[in-house]
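Peer 1: Attaching a single structure in C-alpha cells format; questions to follow.
Since every read-out is calculated from the coordinates, none of them should be taken as a lab result. What you see is a predicted model, and the numbers here were worked out from it, not measured in a lab. Heads up, the Cβs are rebuilt from the backbone with ideal geometry, glycines too, and the neighbour counts pull from every protein chain shown.
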Amino acid sequence: MTRRHSAGFTLIELIIALVLLALIAALMFGSLSMAARSWDGGEAKAEAVSSMRQAQSFLREQIEAELPLRVKKAAELPLMFAGERDEIRYAAALPPRVQEGGAYFFRLAVMRNGDKSQLVLERTIPDPAATQNPEFNSADHTVLADGIAELHVSYFGRDANAADVDMPSWRDKWDDPQRLPLLMRIDVIPAKGLPWPTLTVEPRRAPESACASYDPTRNRCVGTG
C-alpha cells in the first residue's frame, strides 16, 4: 500500500515565511514612523509660520500708529524713541483687545532666558515728570516668538539737523531726537530655519505732535501743548 504524505509546510518554508513577514512589518513600521515625523514636522512648521505672521502683523499695526510722545522735562523736548541695531524703543498704545487704552513705552529685543532665546516686547508706563526715556526694570513683557537668534533693525532717514532736501539713507542707528525715521526695516533670524520675511514699516510722521510750537526750519519742538 502507498503511504500518503500529509499536507503542510516544511521547516524551511516556515522560516522563509517568517523572515518575509518580519521584513514587511519592518517596512510598514518605517513608513508609519516617517509619516508621523513628516506630520509632526508639518504641524511645527505651520505653527511657526502662524506665530511669525501674528507677530509681524502686531508690530506693523503698532509701529505705524506710533505715538510721537516727548520727554517734556528734558532740554529740547526729545521724542520718546531710540533706535539701535538690535532693539527699538518707542511709544505706542496697546490694542483695546489686549488691555485698556493708554500710552506705553515699548522695547522690542531678543532676550535670553536660560537656554531659551525669545523675541520679547517689554512695556512700561511713561512718567510725565521724567527727564529721560523710561527704563525697563521689572517691566511687563510679552513673548512674541521663541527660538529667535537675532533681531536686526535698520532706519531710513536723514542725519540729525539735516535739511528736508538732503537725501535720506539707511543706517543701523537712529539718533535724531526730533524726528522719527521715514522707514524702519525689521529682520528676525530664528535659531533654526529660514529668516522671517523682512518687515518694512513707515512710522507715523508727525514731528510737530505734542508741540505748542514747532520750528520747521530747525526741525525742533520749542514748546509742548
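Peer 1: Which ordering of Lys173, Lys192 is given by a fewest-first count of other beta-carbon atoms within 10 Å?
Peer 2: Numbers: Lys173 11, Lys192 7.
Ordered by Cβ neighbours within 10 Å, fewest first: Lys192, Lys173.
Peer 1: 7 Å from Cα along Cα→Cβ at both Ser50 and Leu20: what's the point-to-point distance in nm?
Peer 2: 4.6 nm
Peer 1: Ok, one more. Among all the aspartates and glutamates, which ones have a C-alpha under 19 Å from Lys72's C-alpha, if same-chain residues fewer than 8 places away are not counted?
Peer 2: Of all the aspartates and glutamates, those that pass the test against Lys72 - Cα under 19 Å, at least 8 places apart if same chain - are Asp127, Glu135, Asp175, Asp176, Glu208, Asp215.
Peer 1: At a 10 Å Cβ-Cβ cut-off, how would you order Val188, Val165, Val71, fewest neighbours first? It would help to have the intermediate numbers written out before the result.
Peer 2: On the way: Val188 24, Val165 6, Val71 21.
If I rank by nearby Cβ atoms, fewest first, I get Val165, Val71, Val188.
Peer 1: If the reach is capped at under 12 angstrom between alpha carbons, list the aspartates and glutamates near Lys192, excluding any in the same chain fewer than eight residues apart.
Peer 2: Candidates past the 8-residue exclusion: Asp146, Glu150.
Peer 1: Can you sort Val110, Val153, Val19 from fewest to most other Cβ atoms within 10 Å of each residue's own Cβ? Mind showing how you got there, number by number?
Peer 2: Details: Val110 18, Val153 22, Val19 10.
Ascending Cβ contact count within 10 Å gives the list Val19, Val110, Val153.
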